[in-house]
């Protein structure tokens, strides 16, 4: 009964939203006609094809990080997902988002609570012209429901596998700001290249990213594949994929895999380990009879990121977090590289 009531309410909200959008579109056409120079946009993605007929004025975003694209381009979303990881002050926004809003002299947008999934009614209430989700884990059902509210741009290929570059390019195109998006990518690439050049010890070192490690049970280890954005960022910083990780990743589309600790010797080609945790985690890895044999562990070449802080969150690169965290992250990686054999 609760689900039925929610869907009825959503349908009503979506109907109202579509009606309001139609009125707004009609008014815009009467005022400017085709003279606004906007060319309709068609974007193909993993969940369908989206056409945007008029330049969006009200931009909403769902799921992680998509809101950072419009913010980086000077556009404040009408609504965005609240941060539920790394939010050190509990206000639903990561520090680089707060700083950008302050720079734009803007009030915080509506924050969508996605603890139990997308809040479709809240999204509909913001009356968006477009919904950005190029970096997301939308299901087909999620996508279909959101399209009742406004045109939606989903991930291009793999759920949670969109690079920071494509997140910018897809979302900016959907906003009618493709050129600005390309300029932002170039700017960030130059910034990353200049910063990484100060740490030549990273060049060619191999790195793997362990997922959240359970120190009470080290019989298995899970790690992010090359499809995940955290590991893809390694290449931007001059690091390389270990052959062991690259080979396993080529056989799956998953963004993480799990392997028995008894096969830890397969990771003998890993110079640096990055993971979430602290001194307790490092001590547990070093004390484990199997995992301690991994060269990265034996050499102390471990970057243990505080998983609940902005620093840990920023290891997953996003348009605004890259500049905010880059120097600190590079220093930690360089320290680990210096420990590697």
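Helices (runs of 4 or more DSSP H) wholly in the range 46-146 with at least 2 residues that are free of Cβ contacts under 8 Å to residues at least 12 places away in the same chain - which ones? Write out each step before concluding.
Values: elements: 68-72, 95-103, 120-125, 140-146.
So the answer is 95-103, 140-146.
Taking into account only those residues within the range 268-293 that are closer than 14 Å to residue 306 by Cα and out of contact with any helix residue (DSSP H, G or I) (no Cβ under 9 Å at 6 or more places or on another chain), which is surrounded by the fewest Cβ atoms within 10 Å (Cβ to Cβ)?
279
Which residues, counting only those in the range 198-221, are surrounded by 12 or more Cβ atoms within 10 Å (Cβ to Cβ) and free of Cβ contacts under 8 Å to residues at least 24 places away in the same chain?
214
Of everything in the range 152-162 that's surrounded by 21 or more Cβ atoms within 10 Å (Cβ to Cβ) and in a loop (DSSP other than H, G, I, E, B), which residue is farthest from the chain's Cα centre (by Cα)? Spell out the reasoning first.
So in the range 152-162, the residues surrounded by 21 or more Cβ atoms within 10 Å (Cβ to Cβ) come out as 152-155, 161-162.
From the residues that got through so far, the ones that are in a loop (DSSP other than H, G, I, E, B) too are 154-155, 161-162.
Values: 154: 13, 155: 11, 161: 8, 162: 7 Å.
Filtering the range 152-162 for residues that are surrounded by 21 or more Cβ atoms within 10 Å (Cβ to Cβ) and in a loop (DSSP other than H, G, I, E, B), the one farthest from the chain's Cα centre (by Cα) comes out as 154.
Taking the criterion of being more than 28 Å from residue 256 (Cβ to Cβ) and buried (at least 23 other Cβ atoms within 10 Å of the Cβ), would at least one residue in the range 140-150 satisfy it?
Step one: filter the range 140-150 for residues more than 28 Å from residue 256 (Cβ to Cβ), giving 147-150.
Next cut, buried (at least 23 other Cβ atoms within 10 Å of the Cβ) only: 149-150.
Yes, the range 140-150 contains a residue that is more than 28 Å from residue 256 (Cβ to Cβ) and buried (at least 23 other Cβ atoms within 10 Å of the Cβ).
Report those helices (runs of 4 or more DSSP H) wholly inside the range 205-287 carrying at least 3 residues which are more than 30 Å from residue 194 (Cα to Cα), assigned by TED's automatic domain parsing to the domain that holds residue 329 and out of contact with any strand residue (DSSP E or B) (no Cβ under 8 Å at 6 or more places or on another chain).
Where helices (runs of 4 or more DSSP H) fall fully within the range 205-287 and carry at least 3 residues being more than 30 Å from residue 194 (Cα to Cα), assigned by TED's automatic domain parsing to the domain that holds residue 329 and out of contact with any strand residue (DSSP E or B) (no Cβ under 8 Å at 6 or more places or on another chain), they are 279-287.
When the residues of the range 175-186 are narrowed to those that are in contact with a helix residue (DSSP H, G or I) (Cβ under 9 Å, 6 or more places away or on another chain) and in a helix (DSSP H, G or I), which ends up surrounded by the fewest Cβ atoms within 10 Å (Cβ to Cβ)? It would help to see each step written out before you state the result.
Start the filter on the range 175-186 by keeping residues that are in contact with a helix residue (DSSP H, G or I) (Cβ under 9 Å, 6 or more places away or on another chain), which leaves 175, 177-182, 184-185.
With in a helix (DSSP H, G or I) added as a condition, the list becomes 178-182, 184-185.
Working: 178: 14, 179: 10, 180: 17, 181: 23, 182: 15, 184: 19, 185: 19.
Looking at residues that are in contact with a helix residue (DSSP H, G or I) (Cβ under 9 Å, 6 or more places away or on another chain) and in a helix (DSSP H, G or I), I get 179.
The values are calculated or read from the model by the stated rules, or taken from the named source; none is laboratory data. Here the structure is a predicted model, which means the values were calculated and not measured. Note that each Cβ is placed from the backbone with ideal geometry, even for glycine, and that neighbours are counted across all protein chains shown.
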